[in-house]
1. Assuming a ≥ b ≥ c are the square roots of the Cα gyration tensor eigenvalues, decide whether segment 658-728 counts as rounded (a/c under 1.5), prolate (otherwise, with a/b larger than b/c) or oblate.
2. Taking the Cα centre of segment 543-702 as origin and charging only Cβ (+1 Lys, Arg; -1 Asp, Glu), how large is the dipole, in debye to the nearest 20?
3. By DSSP, what percent of the beta bridges with both residues in the chain are antiparallel, rounded to the nearest 5?
4. Using 7 Å Cα-to-Cβ label points, what is the ASP361/ASP119 separation (nm, one decimal)?
5. Can you give me the long-range amide H partners of ALA159? Hydrogens built in the peptide plane at 1.01 Å from N, cutoff under 5 Å, separation of 5 or more residues or another chain.
6. Calculate how steeply helix 205-217 sits against the longest principal axis of the alpha-carbon atoms of the chain, using the helix alpha-carbon long axis, and give the answer as 0 to 90 degrees to the nearest 10.
7. With n ≥ 4 as the cut-off for DSSP H runs, can you work out [θ] at 222 nm for the chain, using -39500 (n - 2.57) per run divided by the number of residues, rounded to the nearest 500?
8. Kindly rank 752-760, 691-699 from highest to lowest mean number of other beta carbons found within 10 Å of each residue.
Amino acid sequence: MLRRSALRGALLLAAACFAHSAVVAQQSATLPLRQSVLDSSATPTTLTLRDVSRNDRWLGVGTRDVRWSPDGSAVYFRWNAAPRTEDDPAADPWFRVDREARAAVRVPDSLVASIPPEDVRWSRDSRVAAWASQGGVYLYDGRRPGAAPRLVVAGAQPARTVRVSADGRAVDFLMGEDLHRYDVATGSLRRMTRVVRQPADGRTEAQRWLVAQQEELLGAIREEKARERAAARHERAIAANAVQPIPLPEGAQVDEIAVSPDDAYITLSVRIPDRKRPPTLYMNYATASGYAETRQARGKVGEPRDAFRFGIVRVDPRVDPDSVSVRWLELPEAEGRPAITYGPYWNVEGTAAVIATITQDDKDLWIARLDPATGRTTIVDHQRDTAWLGGPPIQANNVRPGLIEWLPGGRLVFASERSGWSHLYLAEPDGRVRALTSGEWEVRGAQLSRDRATWLLRTSREHPADDHLYTMPAAGGALARLTTEEGRSDGVLSPDGRRVAVLYSRSDRLPDLYLRDATPDARPVRITRSGTDEYWRRRWLRPEIVTIPHPDGGVVWAGLYRPAQPDPRRPAVIYVHGGGYRQFAQRGWSVYGFSRASHYGMLNYLAQQGFTVLDFDYRGSAGYGRAYRTDIYRSMGQKDVDGAVAAARWLARAEGVDSTRIGMYGVSYGGFMTLMSLFRYPGVFAAGVSAAGVTDWAHYSDAWTSRILNLPHDDADAYRLSSPIYHAHGLADPLLIQHGLLDGNVQFQDAVRLQQRLIELEKDFEVVYYPLEEHVIAAEPALYDFQKRLTTFFRTHLLRD
C-alpha cells in the first residue's frame, strides 16, 4: 500500500521521466484550496462504503477525446478542472494546448463545434480536410493563408459520412438518404443523388394485361406516353445540375452512398429491416404518470435478421429513372450466405478499390478488389475462424471490418488474427501477402501517418497488462519503442507525423495528456494532472498481475489486491468482469464505460476491510490472443468457470486464503459467471452475488450471442450447456440476485425466469430488484444500497464463526 513517503518517492521518480510544462491540475469544486499530493504532513484516509457508491466524478475526470488540429499546431482534449458529481459528462469543457506544450487553455463554447472528430477525411496531398460536427460540415483548407476550420454546410438534416475528393476540390456528404457535394472553390452546393422508391406492383395480372392491350391498340395512348417521355428527356438534358436517380425497393434504408474518384460510379449500402422480428418488451413501474409503461428492447438471438445489400450504379443523371438499374453485388465466395459488404476503400491513386464482406455468422471475412464497371471481384485475403472472427483491430466494435489502409503503389495493409494473435499484413499488387508484425502479442491499435510513411502502433509486446506505443515504417521494418512506463499508453500522431499526443494512465492514476516527439529518446511533457483532492487523499492499491494454472494446462490472468492487514479469518473475494471480450487485469486505468468508483473503488474497499481480492480475466476475455478469446465457443460457463475454480484453489494454495471463505461477484457476464460457478461447483464458493446476470442465452441479443453459441434452433446443445437456468439444480451455497427492472440489455425477465426455476427446485436464495435502475446500477442511493447489501452478504457468509 502506498504511503505518503512512498508516494512522494514515486512522484519524484516520475518527474525524472517526464518533463513538465505549466500543468493544469484538477481539484474538487468543494475544496477552495488545493492540498498538494506531495504534502507529506497529510495522512491518507481509507475508503468508505459511501465513497465507492458515489458518482465517479468525485475521483476526478481523466483526459479523453484527444485529437490534433488539422494544421498540427495544437492538440484538443476533453477535461474538467473542477468536476462536480452533478455535472453532465457530455458538458465537460474542451481544452487546447499548443504543439510545443507551452500552455493549455479552455476552448470557448462558440468554437467547440469546429473541433475535428477522430474520423477526419483528407485530400490526397493532406492540405484539405472535412468532417461532420453537430450536424454541419466543416472544412479546413490548408491552401488558404491563415486557414482555420469553418462551417460550410448547415442543412435541415444532419450531415454524415463526409468524404473529400483526391484533389481537394469537393466535399461529398450524406444528408438524409441522398448524396450532396460542396464545391470548395465556389462554395456552391448541389444534390448528387435522389433515392426513388419502387413500390410493389399491386395490380392483378388482368390489370397489367389490359394496360398493355390499351397501348397496343390505341395510337393516341402510345403518342401521349411518347410525348411524356420526350419532355422528361428534354428536361433532364437542359438541367444544369441533374440528379442521379437511385432506385431502391420499398423498405430499404440507405446506410452509405459514395461516388468513385472519377465520378463514373456510385456505390451504395442498404439495409432491409425484417418487419417480422418481435421486440423484447419490459415494464417501467415507477413513472411520472402513475401508470406502468411498456419499453421496447432488441430482439432475442435467433430471430429474423435484417438483410444487407451492396450495389453499384453507373452515373448518368440524364437517363430515364425507370431505366436505371442497380447492380447488386453477390460475392461468389460467400455462396449465398447472409453477409454484409463494406467499402469501397479506394487506393491513394484513386485507380483501384477493395471491399470487405463479412458473413453474418462472423466466421468468414473476404477482402476483395472490385471492378465497378463489371462488378467482378478478386479475392485479396480470406479470413476464416471456425469459432468467430475478432481481436483488435480486425473488427471495429464487433460489427464491421477494422483496419484497411492503402499505401502508395497499390499496396494494401489489413489486420488479421491468422497467427493466433492480432497483427498487420501487407498485400502486394501481385497478390503476395506478408506479415508486418508478428509474435505472441497483439497489435491493439494502429494509426497511419498522413504521409503514409509510418505507423503508430499500440501493442502488448512487452506484457499483456501494458499498452506501449511503437513506430514502424509503413511497409514493415524495425519497431521503435516510444513509451516505457508500465500502464496504458495510447497515442495520436500529429498531421506531420513528428509529434505524438499520448494519453497515459496507470491502475491508480487517471488518464492524463502528454506531448512528445515521435522518437524513442524524446521526453514527454505533461499537460494535465487528473484526480481531485479527495482522490489524492485516499489510499489506492496497485494490483499485482498474476497468472494462475488452468486445468487444461494453460493459464488465466488476474489482478491481485493483497490487504495490508488481512482479516485473521483469511477471506477472499473474486470479482468477475462483464462485457465478455474485455480485459481487467491491466496496469492502466479502465477504458470501459462503467463506474470506476464502484468497481476499482470497491475492490480497494474490500481489500481495506481485510479481504484478499482477485480481479479475474476468465477465458474469453480480451488481451491474450485468439485461443484465449475463443475458448468459450459453444460452451460459455465451462472453461471460463473452470478457470474461476482454479483461481479459488490458487488463492488458498498461494495466498493462504481460507478455502471455505471465498466469495464471488460480478455484473452482466460476471453475474452469469457467478451463477454458473455456484451451480456447477457447489461447495467451492461460500457465497455469490449475481448482478444483472444472463440466466439463459436464448434470451440475449443476436449480434453478441450468435457469434459464440450459433443459433438456438441450430445448436440447442450449446445453449443448454451454457445457460445457468439448466444448471440451477446444483445450487447449494448462499446466492444473492440483484437486478434493475429497467435493464434493456439483460432484461428483468432473465432474473424472473431463474427465480421461478429456483422456487420450483426448492432452493434457498435472496433477491433484490431496483425499480429505476438499468443494466448498471448508477443512481447513488441505489448504488449505495447495492454495495451495502453485497458487503453485508459477504460479511455474513465469509466471516461467519
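1. Note, shape of segment 658-728 comes out prolate.
2. 160
3. About 80 percent, rounded to the nearest 5.
4. It is 2.9 nm.
5. GLY135, GLY136
6. 30
7. After summing the helix terms and dividing by residue count, I get -5500 deg cm²/dmol.
8. For the peptides 752-760, 691-699, the packing ranking is 691-699, 752-760.
No value in this document is a laboratory result; all are computed from the given coordinates. Note that the structure is predicted; figures quoted are calculated from it, not measured. We place every Cβ from the backbone using ideal geometry, glycine too, and count neighbours over all the protein chains shown.
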